[in-house]
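Undergrad: Take a look at the following structure, please.
The values are calculated or read from the model by the stated rules, or taken from the named source; none is laboratory data. Keep in mind that this is a model prediction, so the values were computed, not measured. Note: ideal-geometry Cβ built from the backbone for every residue, glycine included; neighbour counts use all protein chains shown. Heads up: the accessible areas ignore ligands, DNA and RNA and are worked out on the full protein's heavy atoms, side chains in. Shrake-Rupley method; radii C 1.70, N 1.55, O 1.52, S 1.80 Å.
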Amino acid sequence: MKAIVLKQLGGAENLELKDIPVPAIKDKEVLVRNHAISINPVDIFVRTNEGALNNILKPAAGEDIILGWDISGEVTAVGAQVTGFKPGDAVFGMVNFTGHGKAYAEYVAAPASHLALKPANTSHEAAAAATLAALTAWQALVTHAHIKKGDKVLIHAAAGGVGHYAVQIAKHFGAYVIGTSSAAKKEAVLRFGADQHIDYNSQTFEELVTDADIVLDSIDIPGHLDRSLAAVKDGGHLISIRVFFDDAQKQKAADRNIHIERMYVTSNGEQMQSIAALLASGELHSEVASVYAFEDIAKAHEQVSTGKTQGKVVVKI
Ligand SMILES: NC(=O)c1ccc[n+]([C@@H]2O[C@H](COP(=O)([O-])OP(=O)(O)OC[C@H]3O[C@@H](n4cnc5c(N)ncnc54)[C@H](OP(=O)(O)O)[C@@H]3O)[C@@H](O)[C@H]2O)c1
């Protein structure tokens, strides 16, 4: 089968199309003939950073490094202990995160517990998009912040991969949603369902929002997390998916009874089923910014590297 192998740490030119054997599956795994994958900022991080590669992808000594975690495709074989899926099923999910997902390949050995059935109304491209980014939004809002009807939710980078799913998921739970982006993406943020938009270039979000029940922060700018803390009401939730809290921020949050969490997304098939249900009902929609051919994966990486993507970048296999 064809796979994209990372020859060495560094630029996107190190992603090399190679012929390698189809992976063997274990008892609790299914073999997926992959139709589409999506690219995340973490793919670029592990491609370029040795610490990230070893802590997040964790390759075994000597094995080919195959990046990626987000897949959508068709089951071609199932392990002896798999009951939920059969050959022919269309499935999608975030496979083995953290760990060696090996998604940039024609066939992927995926734990059945990381997958859900792909809704019939959703293309493989749209399904592949709604995996790591959608799960992150789900886990931030539902698992960690316990979102409920009527909450005021501030979502940063609301036009990006995680953000555009977070806006839609928060609306599904009946929240009042405020999304930040540049002015150029205001229309998109409102189209995703936000009730209010803040242009981070011309407006100061913590002056406009001081009583959020939940803030989702994904921005790696000095001082940004402090500003998000100021936007949360006492007793609220501040979830960071990018920057870690320092001791002063932890103290400030404790003084105001604010629940803070620097979270990592984790593979979860049950939550993928919740995402599948929202895709099926039309409440969740993937904004696919670009679809690249498998051999053009370097271009997909370059686009995600800009940090300016509206929605998701997808690669067709
Ligand atoms: N901890 C975890 O488990 C986890 C999981 C997923 C992602 N992440 C991290 O979360 C971050 C976001 O991921 P993603 O996939 O959503 O990235 P992405 O799709 O590349 O985000 C792009 C978006 O960020 C927006 N943006 C850039 N600077 C901004 C600012 N100062 N304020 C508001 N919006 C801004 C851009 O909007 P404009 O063009 O309008 O600026 C663009 O739409 C990344 O750092 C990623 O590594 C962490």
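Undergrad: Can you pull out every residue in the range 126-150 that is over 23 Å from His259 (Cα atoms) and more than 16 Å from the ligand (Cβ to nearest atom)?
TA: First, the residues of the range 126-150 that are over 23 Å from His259 (Cα atoms): 126-132.
Selection gives Ala127 alone.
Undergrad: Restricting attention to the range 122-157, and to residues there that are in a helix (DSSP H, G or I) and touching a Ser or Thr at 6+ places or on another chain (Cβ under 6 Å), which single residue is surrounded by the most Cβ atoms within 10 Å (Cβ to Cβ)?
TA: Ala128
Undergrad: Also, I was wondering about something else. Restricting to the range 158-180, give me the number of residues that are in contact with a strand residue (DSSP E or B) (Cβ under 7 Å, 6 or more places away or on another chain) and either assigned to a strand (DSSP E or B) or on the phi > 0 side of the Ramachandran plot (or both).
TA: 5
Undergrad: Check the range 88-99 and report whether any residue there is surrounded by 22 or more Cβ atoms within 10 Å (Cβ to Cβ), within 18 Å of Gln8 (Cα to Cα) and not basic (Lys, Arg).
TA: The answer is no; no qualifying residue exists.
Undergrad: Could you check how many residues of the range 55-87 are under 23 Å from Glu106 (Cβ atoms) and either exposed (fewer than 12 other Cβ atoms within 10 Å of the Cβ) or of a type in the set (Lys, Arg) (or both)?
TA: Looking only at that region, the number is 5.
Undergrad: With respect to Ala134, determine if the residue is small (Gly, Ala, Ser) and within 16 Å of Gln273 (Cβ to Cβ).
TA: On the way: small (Gly, Ala, Ser): yes; within 16 Å of Gln273 (Cβ to Cβ): yes.
It is true that Ala134 is small (Gly, Ala, Ser) and within 16 Å of Gln273 (Cβ to Cβ).
Undergrad: Out of the residues in the range 283-317 that are part of a helix (DSSP H, G or I) and of a type in the set (Val, Ile, Thr), state the one that is farthest from Asp234 (Cα to Cα).
TA: Top of the filtered list is Ile297.
Undergrad: Here's another thing I want to ask about it. Take the residues of the range 1-54 that are outside any strand (DSSP E or B), touching a residue at least 60 places away in the same chain (Cβ under 8 Å) and open to solvent by 60 Å² or more (accessible area, probe 1.4 Å): which is nearest to Thr131 (Cα to Cα)?
TA: Pro41
Undergrad: Out of the range 181-217, which residues are assigned to a strand (DSSP E or B), away from the ligand (no atom under 12 Å from the Cβ) and open to solvent by 10 Å² or more (accessible area, probe 1.4 Å)?
TA: Once the filter is applied, which keeps residues that are assigned to a strand (DSSP E or B), away from the ligand (no atom under 12 Å from the Cβ) and open to solvent by 10 Å² or more (accessible area, probe 1.4 Å), the range 181-217 yields Gln196, Asp213.
Undergrad: Separate question: What number of residues within the range 241-257 are touching a helix residue (DSSP H, G or I) at 6+ places or on another chain (Cβ under 8 Å) and polar (S, T, N, Q)?
TA: Within the range 241-257, residues that are touching a helix residue (DSSP H, G or I) at 6+ places or on another chain (Cβ under 8 Å) and polar (S, T, N, Q) number 1.
Undergrad: Of everything in the range 258-282 that's over 22 Å from His156 (Cβ atoms) and assigned to a loop (DSSP other than H, G, I, E, B), which residue is farthest from the ligand (Cβ to nearest atom)?
TA: Gly282
Undergrad: Now a separate question. How many residues are of a type outside the set (S, T, N, Q), farther than 21 Å from Phe45 by Cα and open to solvent by less than 50 Å² (accessible area, probe 1.4 Å) if we restrict to the range 275-317?
TA: Total satisfying the criteria: 8.
Undergrad: Something else now. Output yes when any residue across the range 245-257 is closer than 21 Å to Ala116 by Cα, open to solvent by less than 30 Å² (accessible area, probe 1.4 Å) and polar (S, T, N, Q), and no when none is.
TA: No - not one qualifying residue is present in the range 245-257.
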